[in-house]
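Novice: Can you keep this structure in mind? I'll have questions shortly.
The values are calculated or read from the model by the stated rules, or taken from the named source; none is laboratory data. Because the structure is a prediction, the values reported are computed rather than measured. Heads up, the Cβs are rebuilt from the backbone with ideal geometry, glycines too, and the neighbour counts pull from every protein chain shown. Surface accessibility is based on the protein's heavy atoms, side chains included, excluding ligands, DNA and RNA. Shrake-Rupley method; radii C 1.70, N 1.55, O 1.52, S 1.80 Å.
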Amino acid sequence: MIRTAVAFAALCAVFATKQGPQDAELLKALAASKHTLLAGIQQVTKASETAISAKFELEDGKLSLSVYTAQKGLGVDAEHNVLQEYGGSPESAAWKPEVEVFKDVEHTARAAQQLTLMALSGTSLIDVLRKVEKTQTGTIYSITPVLRQRKAECVVLVADKGQSKELVYDLVSGEPIKARDADAPKK
């Protein structure tokens, strides 16, 4: 049991670091999007379905908007929930994402951790995005709950004038912790 917990923690730590700086190609591609992360989240969350993370990414060289959700909401644990991704091109007037239910270990583990962090949170991704929009210029291209040094945080990446900035929010209070250049080395 302890080995499983340690392996899961290590796996989640690897996923958290993969949310780091995006390459220049993605930052340039963001201009083609006709949708925001906030709009994508609002489109797919209905009834109890809750967003647990969202991002823009390049898939096979094409811009994609992905919103990850817990279909049964935050009150249902990962084992009894449906963890899934809505993904598709944000370059059309209407965003028409396809839905993938996670079955592989990699996606399920990451989504389970994000579900748990959001369930313990006093704020939603929409709340954090609205705070960021009030204080930052540029395009928000990623919002991810992470566990860092036993603290629940929300990492938000913002692209502005070809640069990427990382903002960190306390996931429990929803208050900002710090902002830094996302391309700077992590301490």
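Novice: Return the distance in nm (one decimal) between the two label points of a simple spin-label model at Gln43 and Val82, each offset 7 Å from Cα along Cα→Cβ.
Specialist: For the pair Gln43/Val82, the computed spacing is 1.9 nm.
Novice: How large is the accessible surface per residue of the stretch 43-139, computed with a 1.4 Å probe and reported in Å² as a whole number? Don't jump to the answer; show the numbers that get you there.
Specialist: Numbers: 4900 Å² over 97 residues.
Per residue, the stretch 43-139 has 51 Å² of solvent-accessible surface.
Novice: Now for a separate question. Roughly to the nearest percent, how much of the accessible area of the stretch 63-108 is carbon and sulfur, given a 1.4 Å probe? Don't skip to the end; give the middle numbers.
Specialist: Details: 1220 of 2400 Å².
So the carbon and sulfur contribution to the accessible surface is 51 percent.
Novice: In what sequence, highest mean first, do 23-33, 61-71 appear when ranked by Cβ atoms within 10 angstrom?
Specialist: Output ranking for 23-33, 61-71: 61-71, 23-33.
Novice: I need the calculated FRET efficiency for the pair Val101 and Glu25, taking r as the beta carbon distance and R₀ as 25 Å, to the nearest 0.05.
Specialist: Working: r = 29 Å, r/R0 = 1.17.
Taking R0 as 25 Å, the efficiency between Val101 and Glu25 is 0.30.
Novice: Go through 54-60, 164-170, 76-82 and give me the packing order, highest mean Cβ count within 10 Å leading. Working shown, then result.
Specialist: Numbers: 54-60: 16.4, 164-170: 20.3, 76-82: 14.4.
Descending mean neighbour count gives 164-170, 54-60, 76-82.
Novice: Check Lys72: other-chain or 5+ apart residues with amide H under 5 Å from its amide H, H built from backbone geometry?
Specialist: When sequence neighbours closer than 5 places are left aside, the close amide H contacts are Val82.
Novice: Taking θ = phi - 60°, what integer Hz values does the Karplus form 6.51 cos²θ - 1.76 cosθ + 1.60 yield along the stretch 97-103, in sequence order, with x for Gly and Pro?
Specialist: Here the 3J(HN,Hα) series is x, 8, 10, 10, 8, 6, 10 Hz.
Novice: Under the definition of Cα pairs under 8 Å and six or more residues apart, what whole-number percent is the relative contact order of the stretch 11-138?
Specialist: Working: 175 pairs, mean separation 28.4, N = 128.
22 percent.
Novice: Read phi for every residue in the stretch 115-122 and hand back ³J(HN,Hα) as whole Hz from Karplus 6.51 cos²θ - 1.76 cosθ + 1.60, θ = phi - 60°, with x for Gly and Pro.
Specialist: 4, 4, 4, 5, 5, 8, 7, x
Novice: Can you check what the net charge comes to around Ala31, using other residues whose Cβ is under 13 Å from the Cβ of Ala31 (Lys, Arg +1; Asp, Glu -1)?
Specialist: 0
Novice: Can you tell me the order of 35-43, 140-148 when each peptide is scored by its average per-residue count of other Cβ atoms within 10 angstrom, highest first? Present the calculation step by step, with values, prior to reporting the outcome.
Specialist: Details: 35-43: 19.8, 140-148: 21.4.
Top to bottom by mean Cβ count within 10 Å: 140-148, 35-43.
Novice: Mind jotting down the distance between the C-alpha centroids of the stretch 104-155 and the stretch 43-69, whole Å?
Specialist: Using only Cα atoms to place each centre, the spacing works out to 12 Å.
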